[in-house]
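Worksheet: the structure to be examined is printed underneath.
The values are calculated or read from the model by the stated rules, or taken from the named source; none is laboratory data. Since we're looking at a predicted model, the values are computed, not measured. Positions of Cβ are generated from backbone atoms using ideal geometry, with glycine treated the same way; all protein chains shown enter the neighbour counts. To get the accessible areas, we keep the full protein, side chains included, count just its heavy atoms, and leave off ligands, DNA and RNA. Shrake-Rupley method; radii C 1.70, N 1.55, O 1.52, S 1.80 Å.
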Amino acid sequence: MTHARDPNEFPQPYRLPDAEPYWQELERERLTYQRCTNCGEAVWPAHSFCPHCDGPSLSWEKSRGRGAIYSFSTVMRGPTPVWAALVPYTVGFIQMDEGYVLFTQIEGSPEAMAVGKRVEVRYTRRGAQMLPVFSLTQS
């Protein structure tokens, strides 16, 4: 059975079991990611094994919450009323300083966005879920 969603509410992310520690830490306004204890590579999205070396052991680490815009797109027409109220808004991939890439919303004027610009995390509640959102920084 399919449940209809209210178009005036934010859709909630699908919470995969491997990523549950990530979601729990977001409630505490902490951004986390995994690191392989075998090869040392940063891992995101969350996995039950390392996608770089197939290592079976991953640890959770706290991110500093800073990175650079890798790519972005500015949305000019929201797909539902709740998103339409936010236009224009920008989403994109952030190359995190720890070595992983995160897809997120990026705050700032569309004209100010550019690949390579520095960003830092802040947190916002969308519906029942706390989410990371990134803002442009001066440095």
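Worth a mention:
- Rounded FRET efficiency, nearest 0.05, which uses the C-beta distance separating W60 from S109 and R0 of 30 Å: 0.30
- Gaussian network model of the chain, springs between alpha carbon atoms under 10 Å - residue of E41, E29, E20 with greatest fluctuation: E20
- As a ratio to 2.2 N^0.38 Å, the alpha-carbon radius of gyration computed for the chain takes the value 1.13.
- With all protein chains in place and a 1.4 Å probe, the accessible surface of the chain carries 52 percent carbon and sulfur.
- If you take all other residues with their beta carbon under 10 Å from the beta carbon of M96, and give Lys and Arg +1 and Asp and Glu -1, the sum is 0.
- Distances between placed amide hydrogens fall under 5 Å for R126 paired with L131, all partners being 5 or more residues away or on another chain.
- ³J(HN,Hα), Karplus 6.51/-1.76/1.60, whole Hz, each residue of the range 23-32, x for Gly, Pro: 5, 5, 6, 4, 4, 9, 6, 10, 8, 10
- With only the Cα atoms considered, the range 83-139 has a convex hull volume of 91 Å³ per residue.
- Surface exposure of the range 70-139, expressed per residue as accessible area with a 1.4 Å probe, stands at 53 Å².
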